[in-house]
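Where a number appears in this text, it was derived from the coordinates with a stated rule and is not lab data. Because the structure is a prediction, the values reported are computed rather than measured. Note that each Cβ is placed from the backbone with ideal geometry, even for glycine, and that neighbours are counted across all protein chains shown.
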Amino acid sequence: MTWQPVIGLEIHVQLKTQTKMFCRCENIWGEGENTRTCPVCLAHPGALPVPNGRAVEWTVKLGLALDCQIADRVLFHRKNYFYPDLPKGYQISQYDQPLCVGGALTVPRPDGDIRVGIVRAHLEEDAAKTVHVGGEAGRIHGADTSLVDFNRGGIPLVEIVTEPDLHSAADVKSFLQLLRQTVVELSISDAEMEKGSLRCDANVSVRPEGDPALRTKTELKNMNSFAFVARGIDAEVSRQIDVYESGGEVGPQTLHFDPQSGSLSPLRTKEEAHDYRYFPEPDLLAIEPSEELVERMRAELVELPGARIRRLADEVGFELAEGLVTSGRDALYGEVAGDRRGVANVIMNQLAGASVPPDSVNPKELSALIAARERIPRSAFDEAIQKTGDPDFSAEPYVSQESLADADSLAPIIEAVIADNPSQVEAYRGGKEGLLGYLVGQVIKATQGSADPRVVNHLLREKLTPLG
Ligand SMILES: [Zn+2]
């Protein structure tokens, strides 16, 4: 039987407002522990929350970018549960009247678009951060001590819940990259998984291909990179298929994926909404976003990344287009002259590989360098790429270099490389074609990178092919 994975996501995005959601504490990452706290976010008795207007505006803006309906009236609710990182004993969240509902994000994929429904996007406050010391990989199991950093407690957090419209780990990865880039371009979050300002949980189930009914899902918690999300989903999909194929049943569970070992371990049985005893937050009034606010946010939307991927895919192919847009490098691509695929390749491979920030590059100078790359020494090109981000970078000294391309100068070097590598030469002649690349590399190395690789390739091939 063929099994179809069914995946829905819950994504948390920390908003980069100046202050927290319900108090005036600074919203900042990486400062000394417990230095950004006050009676409100530490839940001292009698302290009252005041909502952050900017956070409401930005959630509306995100909702519009996700094609959601913006609610006329929004209530905050208390979501009750106990945990040391939650001093109030409840989180202020939204429940049955969220700010944004019923949207979609259309994700370009090589074999066509996928429309991923957005159930809701609501605004809440983040919990504080618990740090476990002494256990493996920061987990509570086996830890000697647990510490709480309340700086994170109360930071505005948007929770985005998707429909179960994703059917592979690769689709999930594309969706997340696109959503992340959308959020970054809206300037509402830095959305960095390593910092925890973008977090993702996945609800995973499988069903026989063609069967419309959904089976029991499990939840994979807090995976902290796109690669781990994909690997975690693949592992859980195989686990569920094994359970069904050996006659068992998948139970509702929350699971932790350990990227080191690739294993899944249960955290707890999954809570239901009624476990949280939601009730309206009595200290806050309902929020009623005005039409003026909604239209002002709509006016701030620019062409979204999904549309740009589709547009660029026609020029440079899907993979490069997706890479350029989701890494924020497509603006530079648009300004650099030259053959489109070549420009895209240089930006995505060489420039990204050298970690050159795209907005530090002068497009004119990069255009000149790319135009010359076929005729200048590889070493000059590579060195220039490393320096393209320098404020006074000029391509001129690099593009005026000539590569060593005449057969007479190269002949003795090629002879020497053949003499020094008898076993590789023999293996190449015996059919190991791939070794030609190794030999070309040796010649280029012997010329300190100045030999023209195409010419060397041609000369070596000629030299090593038996006559007749
Ligand atoms: Zn505070």
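Stretching the chain fully between Val243 and Thr35 yields a gain of 70.1 nm (0.36 nm per residue, less the alpha carbon separation). Relative to the longest principal axis of the Cα atoms of the chain, helix 378-387 runs at roughly 30 degrees. Per-residue 3J(HN,Hα) values for segment 5-15, derived from phi via the Karplus relation 6.51 cos²θ - 1.76 cosθ + 1.60 with θ = phi - 60°, read x, 10, 10, x, 10, 10, 10, 10, 10, 7, 7 Hz in sequence order (x marks Gly and Pro). A cut-off of 5 Å between modelled amide H atoms, ignoring neighbours fewer than 5 places along the same chain, links Leu404 with Ala451, Asp452. Residue by residue, segment 367-376 carries 3J(HN,Hα) couplings of 4, 5, 5, 5, 4, 9, 5, 6, 10, 9 Hz when phi is fed to the Karplus relation 6.51 cos²θ - 1.76 cosθ + 1.60 (θ = phi - 60°); x denotes Gly or Pro. Counting neighbouring Cβ atoms within 10 Å and putting the fewest first, the residues His12, His458, His77 line up as His458, His12, His77. Each label was represented as a point 7 Å from its Cα along the Cα-to-Cβ direction; for Ser355 and Asp275 these points are 4.1 nm apart.
As a calculated quantity, the FRET efficiency between Glu209 and Glu374 at R0 = 56 Å, using C-beta atoms, amounts to about 0.70. Name the residue farthest towards the positive end of the dipole of the chain from the options His458, Ala104, Leu157, assuming +1 on Cβ of Lys and Arg, -1 on Cβ of Asp and Glu, about the Cα centre. After comparing all options, I get Leu157. Computed over all pairs of different Cα atoms, the Kirkwood value for the hydrodynamic radius of the chain is 26.0 Å.
Restricting segment 298-344 to GluC sites (Glu not before Pro) that sit in a DSSP loop and have at most 11 other Cβ atoms within 10 Å of their own Cβ leaves Glu303. Quick one: helix 407-420 against the long Cα principal axis of the chain, what's the angle to the nearest 10°, folded into 0 to 90? Long axis of 407-420 versus the principal axis of the chain: about 70 degrees.
Put simply, the amide H of Ala104, placed in the peptide plane, has neighbours under 5 Å in Asp67, Cys68, Ile118, leaving out anything fewer than 5 places away on its chain.
Taken as Cα centroids, segment 419-468 and segment 35-89 sit 65 Å apart, rounded to the nearest whole angstrom. The simple spin-label model puts a point 7 Å past each Cα toward its Cβ; for Asp85 and Asp392 those points are separated by 4.8 nm.
In order along segment 45-60, the phi-based Karplus estimate (6.51 cos²θ - 1.76 cosθ + 1.60, θ = phi - 60°) of 3J(HN,Hα) comes to x, x, 6, 10, x, 10, x, 7, x, 4, 5, 5, 4, 5, 5, 4 Hz; Gly and Pro are listed as x.
Within straight-line reach of Lys16, meaning a Cα separation under 18 Å, sit the following lysines at least 8 residues removed in sequence or on another chain: Lys61, Lys129, Lys195.
Sorting Asp406, Asp452 by the number of Cβ atoms found within 10 Å of their own Cβ, with the fewest placed first, yields Asp406, Asp452.
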